[in-house]
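All remarks here apply to the structure that follows.
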Amino acid sequence: MFRIGDLVAHPMHGAGVIDAITQEKVAGSMQEYYVFKMPVGGLLLKIPVANSETIGLRAIITPEEAESLMAAIPSLEVESSANWNKRYQENLQRLKSGDLREVSRVVKGLMTRDARRGLSTGERKMLQTAKRILISEIVLTEQADYEAVETRVDRAMTQEAAV
């Protein structure tokens, strides 16, 4: 169970802090909720404590894990289906996994595709979401500036893998 002040990551929204833990009556029974607040954008969510593990709420990565991830991005393999719908579904599953390496694959794959052919409106939105998820967690982990982390991520995504 998380406590107030814990830094956590939500698979579809990115990283934030447990701002409060509240009890509310829903359908006749009392339930506990985490009040999840994102520092970037100010999004506020209420996440049922009982379902938080199923949803994929987890503690944010360590600074060492963040550095390891940033170093691994240039060599990440990205494969994408030519079929738009299949590619979109595969990327959505990667995002829902909550695994930052998989989120990085989505970002890298969509950035590569955008540079070559451009993206549909749906994929452009997915790219923005995936970048926000990735960057927000690194920002909280390293207590860094959003724009500085975004620049580092963009640079890592376009860097060639060291051979």
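The values are calculated or read from the model by the stated rules, or taken from the named source; none is laboratory data. None of these values were measured; they are calculated from a predicted model. A quick note on method: Cβ atoms are made from the backbone with ideal geometry, for glycine too, and the neighbour counts reach across all protein chains shown. Accessible surface areas use protein heavy atoms only, side chains included; no ligands, DNA or RNA. Shrake-Rupley method; radii C 1.70, N 1.55, O 1.52, S 1.80 Å.
Over the chain, give the accessible area per residue in Å² for a 1.4 Å probe, as an integer. Before the final figure, lay out each step's value.
Numbers: 9090 Å² over 163 residues.
With the other protein chains kept in place, the chain gives 56 Å² per residue.
Please identify which residues in the range 121-163 have an amide N closer than 14 Å to a label point set 7 Å out from the Cα of Val78, following the Cα→Cβ vector.
The answer is 123-132, 134, 153-161.
Would you mind computing the Rg to Rh ratio of the range 1-50 from its alpha-carbon coordinates, Kirkwood style for Rh?
Ratio of gyration radius to Kirkwood radius for the range 1-50: 0.99.
Determine, for the chain, the count of lysine pairs separated by eight or more sequence positions (or lying on different chains) whose alpha-carbon distance falls under 29 Å.
20
If you roll a 1.4 Å probe over the range 2-68 with all protein chains in place, what percent of the accessible area is carbon or sulfur?
55
Gain in length, Lys46 to Gln89, computed as 0.36 nm per residue apart minus the alpha-carbon separation, to one decimal in nm?
Taking 0.36 nm per residue and subtracting the Cα distance, the gain is 12.9 nm.
Just for the Cα atoms in the chain, what are the lengths along the principal axes, largest first, rounded to whole Å?
55, 34, 24
Could you state the angle between the C-alpha long axis of helix 121-142 and the longest principal axis of the C-alpha atoms of the chain, as a value from 0 to 90 degrees rounded to the nearest 10?
It works out to around 70 degrees.
Given 0.36 nm per residue, what is the gain on full extension from Glu64 to Ala27 after removing their alpha carbon distance, in nm?
Between Glu64 and Ala27, full extension yields 9.0 nm more.
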